[in-house]
Amino acid sequence: MKDLRPSCPLHSEEHASLLLDYCARRLDPDRKAALEAHMEHCAACQELRSAQRLVWDSLDSWEASDTGWEFNQRLQERLRQEGRPAWMDSVSTWREGISWKPAVPLAAALALWLMVFPPNGFNSSKPSAPQQPDQLEKVLEDVQMLQQLPLGRR
Amino acid sequence: MRLLPLAALFTLAFSLSFGQAPSAPRSNNAVERLRAMPPDERRKALEKLPPDRRKQAEARMEELDRMSPEERGELARRYDSFQRLSAADQEKARKLFRDLNDLPGDRREALRLAIGHIHEMSSAERTGFLGSAEARSRYNRKERTLLQDYVALLEAPSR
């Protein structure tokens, strides 16, 4: 039976392709087992395996972001817009550059303020009357005076 | 689309703030403002006054309510004229009214009639009346002074 256990591939040009296939996860189970059996006793290969596991773990935990999808969308959009005037592209670019998020709470606060404290002169269907008792009393006194003391031109 | 909720919020706020157009032309006249005052607002405003003054103010309010639209219109016109007087002349009018009320009942009534006539006169007629023998015979010096003060208020420049 053929001995599948390699001599150290780091020192053997003949087995160097084993390492490349191992790193690419292309090694068949028997050859992989033989290489890993060798790695149990070879410090240099253990070091390489640890480094390679880091790479694999990183690749396994990496999730594709939607940046690529957005990029594709933008690219397609740009292709569709071919022939549009340059100023329209500038406007689109400008709008995309604006973040409305900071304005939302401010606008909501302003809207709430307008609801709670409407500007004077716009929300009153009735003319306002003197609210202070002394002021009201004074107006009533003046009104009573004017009933008996006609002022103004004929 | 992201701005749709914000636009809806603004629409609501502005409709509440600005949307209610006045049902009638806004009046600056105190007579109309007093008339338009809701009963609960009147009560709230007057209940802060001492009882005797509150009772008097309530009576004046009720008197205003009982007036016909024509009477209120005339009173509103007088109030506008009064408001156009300077603050000093307004105070003179109040003093004149107090002095008239201090007169004995029959003399107060005599001067009330005279004031009504004088108000209907032209400026030249007023001057002639105050210097006339008739005025001197009907009214004493103090009463003629009150009538002169009244004519001065009628002739006072408006602001």
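Every residue, every condition in (1) at pLDDT 75 or above; (2) open to solvent by 80 Å² or more (accessible area, probe 1.4 Å); (3) within 14 Å of chain B (Cβ to nearest Cβ), yes or no:
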site: A:L54; (1), (2), (3): yes, yes, no
site: A:S65; (1), (2), (3): no, no, no
site: A:M88; (1), (2), (3): no, no, no
site: A:L112; (1), (2), (3): no, yes, yes
site: A:V116; (1), (2), (3): no, yes, yes
site: A:P127; (1), (2), (3): no, no, yes
Within segment B:103-112, identify whether any single residue is without any contact (Cβ under 8 Å) to a residue 12 or more places away in the chain and not in a helix (DSSP H, G or I), and answer yes or no.
yes
Scanning segment B:110-138 residue by residue, those within 19 Å of A:Q148 (Cβ to Cβ), touching a Leu at 6+ places or on another chain (Cβ under 8 Å) and open to solvent by 20 Å² or more (accessible area, probe 1.4 Å) turn out to be B:R112
Any chance segment A:7-24 includes a residue that's loosely packed, with under 10 Cβ neighbours inside 10 Å and at pLDDT 75 or above?
yes
Hits in segment B:91-119 (condition: touching an Asp or Glu at 6+ places or on another chain (Cβ under 8 Å), facing chain A (nearest Cβ under 8 Å) and of a type outside the set (A, V, I, L, M)):
B:R94
Residue check, B:A76 of a type in the set (G, A, S), more than 9 Å from chain A (Cβ to nearest Cβ) and assigned to a helix (DSSP H, G or I)
yes
Quick one: count up the residues across segment B:139-159 that are farther than 15 Å from B:A93 by Cα and open to solvent by 70 Å² or more (accessible area, probe 1.4 Å).
4
Would you check which residues across segment B:59-80 are surrounded by fewer than 18 Cβ atoms within 10 Å (Cβ to Cβ) and either hydroxyl-bearing (S, T, Y) or touching a strand residue (DSSP E or B) at 6+ places or on another chain (Cβ under 6 Å) (or both) and list them?
B:S68
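The values are calculated or read from the model by the stated rules, or taken from the named source; none is laboratory data. The structure presented is a predicted model; accordingly, all values stated were derived computationally and were not measured. Because the Cβ atoms are built from the backbone with ideal geometry, glycine has one as well, and the counts that use them run over all protein chains shown. Side chains are part of the model used for accessible areas, which takes the heavy atoms of the whole protein and leaves out ligands, DNA and RNA. Shrake-Rupley method; radii C 1.70, N 1.55, O 1.52, S 1.80 Å.
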